[in-house]
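Inspection log for the structure reproduced underneath, given as structure tokens.
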Amino acid sequence: AQSVTQLGSHVSVSEGALVLLRCNYSSSVPPYLFWYVQYPNQGLQLLLKYTSAATLVKGINGFEAEFKKSETSFHLTKPSAHMSDAAEYFCAVSRAGGFKTIFGAGTRLFVKA
Amino acid sequence: DAGITQSPRHKVTETGTPVTLRCHQTENHRYMYWYRQDPGHGLRLIHYSYGVKDTDKGEVSDGYSVSRSKTEDFLLTLESATSSQTSVYFCAISELSGGSNYEQYFGPGTRLTVT
């Protein structure tokens, strides 16, 4: 069985500050991990993905995430927040060759001017 | 952007009435999914399809049925809508990518209110 836990339903940062959104996963098989972003009144779009290649994954808009097997984590970071980063972020897990994905509950990011 | 449309985008209906939501794709992807999004729950899978006429249940399928008669269309039906089905519904599609993963592409969503 697979599951995802996102720590913190809301995160607030100041513009220019570090963004850190936490995700821990549980999986009985090697996982594939994803981060999606959802802007208001839109569907989700893929931010980045880990599929067992490099453990540090770079995505769009300056975001990156690091797969840490020992910590079962896949935290999302960005060095400097922009107002345009305000959105909801979802961590998700699947397995190699698996077409079903399990999503976390989401973390809403607020960026203060 | 992946070519995925959902209709209607907004709907208000009364308890006990049937409702059908449509998802249409122009990407020729094999897999299609219906999710519902509710605060605090993230996205939960209702039903999915792995080909024409091939569908299966997800984790929250009670009260919902689906059909896929063409590759491009995936319909979600609420046979008798209840207030607990008030939600935002998302369709997604996927296809094998990079030899082993199925990253999903999402439609814009349908906001359904059952009064």
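So, in the range A:24-35, of the ones that are in contact (Cβ under 8 Å) with a residue 60 or more places away in the chain and either touching a Leu at 6+ places or on another chain (Cβ under 7 Å) or over 23 Å from A:Phe99 (Cα atoms) (or both), which residue ends up farthest from the other protein chains (Cβ to nearest Cβ)?
So the residue we want is A:Tyr25.
Tell me whether the range B:28-46 contains one or more residues that are closer than 23 Å to A:Tyr36 by Cβ, away from chain A (no Cβ under 13 Å) and either over 11 Å from the mean Cα position of the chain (by Cα) or exposed (fewer than 14 other Cβ atoms within 10 Å of the Cβ) (or both).
yes
Quick grid of which residues meet (1) away from chain B (no Cβ under 11 Å); (2) surrounded by 13 or more Cβ atoms within 10 Å (Cβ to Cβ); (3) modelled with pLDDT under 90:
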position: A:Ala81; (1), (2), (3): yes, yes, no
position: A:Phe90; (1), (2), (3): no, yes, no
position: A:Arg95; (1), (2), (3): no, yes, yes
position: A:Gly98; (1), (2), (3): no, yes, yes
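Has the range A:36-56 got at least one residue that is touching a residue at least 40 places away in the same chain (Cβ under 8 Å), farther than 30 Å from B:Ser87 by Cα and under 13 Å from the mean Cα position of the chain (by Cα)?
No: zero hits.
Considering only residues of the range B:50-109 that are outside any strand (DSSP E or B) and aliphatic (A, V, I, L, M), which is surrounded by the most Cβ atoms within 10 Å (Cβ to Cβ)?
Residue satisfying both the conditions and the ranking: B:Ala81.
Restrict the check to the range A:72-92 and report whether at least one residue is among the small types (Gly, Ala, Ser) and touching a Cys at 6+ places or on another chain (Cβ under 8 Å).
yes
With respect to A:Leu47, determine if the residue is touching a Gly at 6+ places or on another chain (Cβ under 6 Å), within 14 Å of chain B (Cβ to nearest Cβ), crowded, with 17+ Cβ neighbours inside 10 Å and part of a strand (DSSP E or B).
Answer is yes for this residue.
State whether the residues of the range A:99-111 include one that is more than 26 Å from B:Arg44 (Cβ to Cβ), in a strand (DSSP E or B), among the aliphatic types (A, V, I, L, M) and in contact (Cβ under 8 Å) with a residue 24 or more places away in the chain.
yes
For the range B:31-70, which residues satisfy the criterion of being among the small types (Gly, Ala, Ser) and under 15 Å from A:Gly104 (Cα atoms)?
B:Gly40, B:Gly42
The values are calculated or read from the model by the stated rules, or taken from the named source; none is laboratory data. From a predicted model like this one, the values you see are computed outputs, not experimental measurements. Counting neighbours? That spans all protein chains shown, and the Cβs are built from the backbone with ideal geometry, glycine included.
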